[in-house]
Amino acid sequence: MLSVIFKRKALDTEETASSGLWQLAMRRLKADRIAMISLFVVLCYFLMLLLSMTGVIASNWNKEVAVSYAPPTFMGADPVNETIKKETAQAQALPENPVDPLKDVMRELNAEIAKEQATGGAIDYYGVTDPLAEDMQAIDQQLDGHLLDQQAELKQTLPFGADKWGQDVLQKTIKGAETSIIVGVVAALLAVLIGTVLGAISGYFGGWVDDVLNWFYNIFTSIPYLLLILAIAAVLQQKGIVSIVLILGLTGWTGVYRLIRAEYMKHTSREYVLAAKAIGVSHFRRMFVHIFPNVSHIALVQISILVVAFIKSEVILSFLGFGVPVGVVSWGSMLNEAQSELILGKWWQLVAASVAMAILVTAFSMFTDALRDALDPKLK
């Protein structure tokens, strides 16, 4: 009877232990209302990213759809644009002059020209036929029709306004989110991968390997971070998303390295690692199969932290002109354009990019704090 009771208690203990850190963290996250709201906001941004990458939304972000600096809809149409439009329409309308002595002559000449154009033939000017008349006529008709259609399609207001080139600020903000989020996520994954591998090697082997990697780590941390990425960006002189990801990923691994190294130094001397060593398990398997699952929560939290940091770093690089190339939009390039627009009183592009970035960064930071608390083994 006692053996059955002890077996049941042992099974209950195993089930509790098997739930592990991850299930306990999920329970804590589900109980945290702020964490769930933040996660929902982040998932909405990633859904928007997916739709933008597939071309479902913001595919025509660089198309001219409105007049220059069209204001947001709640502000109404810009009176300056309305005045220019009316003056242009009045200038294009040429009223007839009843006292013009050449009115009848010009009317006959225009009628003759229209007749020649209708028949498709070239106009005869005193016996001289223009060989390019038909081609020029076709080009003029196509150009005039295109300009008239384009002028008719341009809107006076948009939901979030337009920039200098008449591009929709809302679509630019969505497309800019795609660039900034991709840079932040990919660079964070690269930095965590480098920091985890180097930290695992340094903390596991120790000795001269640890000394060499610490020397390498001290070189990177001795230079201010922002100055380091600006210097590397100036040396590479390759504006593009790939170069930005490499710059951020190759310079942002130091914090991950320090944390992972400390955890590996603690776990290397524990019983389960010594038992694996006693039965002949290889170094690689001990490092990444036995130890890493017990420190993987640190890497996950660091990914969340670095995504926020790298999004802000990409905005700074693009704002200073070291970021995305011409033809690619990001929140940083939008802020770069907005600084000249703000002088003219056109504030909507600045507000759109700033609010979009602030919402994402705030939600990601709050979720990261909740995740770090949920994965902290000391809070079990």
_On the principal axes of its Cα set, how long, how wide and how thick is segment 300-345? Give whole Å, largest value first._
44, 22, 14
*Place the peptides 312-319, 173-180 in order of packing, highest mean first, counting for every residue the other Cβ atoms within 10 Å and averaging per peptide.*
173-180, 312-319
*Efficiency by 1/(1 + (r/R0)^6): what FRET value for ILE343 and VAL41, r their Cβ-Cβ distance, R0 = 25 Å, to the nearest 0.05?*
0.15
_Dmax and Rg, reported as Rg then Dmax, of segment 236-331 (C-alpha, Å)_ = 19.0, 59
*For segment 163-243, evaluate the Debye formula with one uniform point scatterer on each Cα (no solvent term) and list log10 I(q)/I(0) at q = 0.21, 0.24 Å⁻¹, rounded to two decimals.*
-1.11, -1.17
_Distance-filtered residues of segment 292-311 - backbone nitrogen under 14 Å, label point 7 angstrom along THR221 Cα→Cβ_ = none
*Do me a favour and compute the ellipsoid semi-axes for segment 252-300 from its Cα gyration tensor, root of five times each eigenvalue, largest one first, whole Å.*
22, 10, 9
*At a Förster distance of 30 Å, what's the computed FRET efficiency of PHE205 paired with ILE316, Cβ-Cβ distance as r, to 0.05?*
0.25
*Say the dipole of segment 216-314 comes from +1 at the beta carbon of Lys and Arg and -1 at that of Asp and Glu; which of ILE244, ILE219, ALA231 then lies farthest toward its positive end?*
ILE219
*asked:* Restricted to Cα positions, what overall size does segment 273-327 have along the principal axes? Three whole-Å values, descending.
replied: 58, 19, 15
*Regarding segment 269-380, what is the average projected area of its C-alpha convex hull, in nm²?*
10.6 nm²
*Of LYS164/LYS346; LYS63/LYS164; LYS63/LYS312; LYS164/LYS312; LYS30/LYS266; LYS175/LYS312, which sit over 20 Å apart, Cα to Cα?*
LYS63/LYS312; LYS164/LYS312; LYS30/LYS266
*For segment 244-285 and segment 310-380, what is the separation of their C-alpha centers, rounded to whole Å?*
32 Å
_Sites LEU250 and VAL326 - FRET efficiency at Förster radius 35 Å, r taken between beta-carbons, to 0.05_ = 0.90
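Bear in mind these aren't lab numbers, they're just calculated from the coordinates by the rules spelled out. Predicted model, so just to flag it, every value in this text is computed and none were measured. Using ideal geometry, Cβ is built from the backbone for each residue, glycine included, and neighbour counts are taken over all protein chains shown.
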